[in-house]
Ligand code: FES
């Protein structure tokens, strides 16, 4: 009865790359915004109390774009089946999701929101 789990991308590739997403001023406290890396890989950036978080933009449970979710006290809730995820480490806090959301290193560099990720495809966790 095990679920098939797929991880795309990975953290141990050695080289990394920095990706500029958008101007930091475009994301206020308590807001989230989807950025599409290379036009096809969604990254959700959240400003929670002035702290930035970047996570995979789709739910790990089923394909659902998480910019339609909602933020509560350091968590993101996927509205399709109501799993909550910790913004800090992406871990699911409620079923049905069991896989964490991939999280990416994110920071404000001279007023730009950038992520630093391993070379290659972005890591994305999906239950199959
Ligand atoms: S698609 Fe997000 S909890 Fe099911």
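The values are calculated or read from the model by the stated rules, or taken from the named source; none is laboratory data. Please read these numbers as outputs of a predicted model, since none were measured by experiment. Here the Cβ positions follow ideal geometry from the backbone for every residue, glycine too, while neighbour counts run over all protein chains shown.
Per-structure values
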{"item": "Filtered residues of the stretch 58-77 (kept if out of contact with any strand residue (DSSP E or B) (no Cβ under 7 Å at 6 or more places or on another chain) and either in contact (Cβ under 8 Å) with a residue 40 or more places away in the chain or not in a strand (DSSP E or B) (or both))", "result": "59, 62, 63, 68, 73"}
{"item": "Residue within the stretch 25-36 that is under 13 Å from residue 125 (Cβ atoms) and part of a strand (DSSP E or B) present", "result": "no"}
{"item": "The stretch 50-65, residues that are near the ligand (Cβ under 8 Å from one of its atoms) and either buried (at least 24 other Cβ atoms within 10 Å of the Cβ) or within 16 Å of residue 40 (Cβ to Cβ) (or both)", "result": "59, 60, 63"}
{"item": "Complete set of residues in the stretch 100-112 that are assigned to a loop (DSSP other than H, G, I, E, B), crowded, with 19+ Cβ neighbours inside 10 Å and out of contact with any helix residue (DSSP H, G or I) (no Cβ under 9 Å at 6 or more places or on another chain)", "result": "102"}
{"item": "Test: residue in the stretch 113-121 that is touching a strand residue (DSSP E or B) at 6+ places or on another chain (Cβ under 8 Å), part of a loop (DSSP other than H, G, I, E, B) and crowded, with 16+ Cβ neighbours inside 10 Å", "result": "no"}
{"item": "Residue in the stretch 19-34 that is within 24 Å of residue 128 (Cα to Cα) and either in contact with a strand residue (DSSP E or B) (Cβ under 6 Å, 6 or more places away or on another chain) or at pLDDT 95 or above (or both) present", "result": "yes"}
{"item": "Matching option when the condition is modelled with pLDDT of 95 or more and either in contact with a helix residue (DSSP H, G or I) (Cβ under 9 Å, 6 or more places away or on another chain) or within 23 Å of residue 17 (Cβ to Cβ) (or both), among 44, 71, 93", "result": "44"}
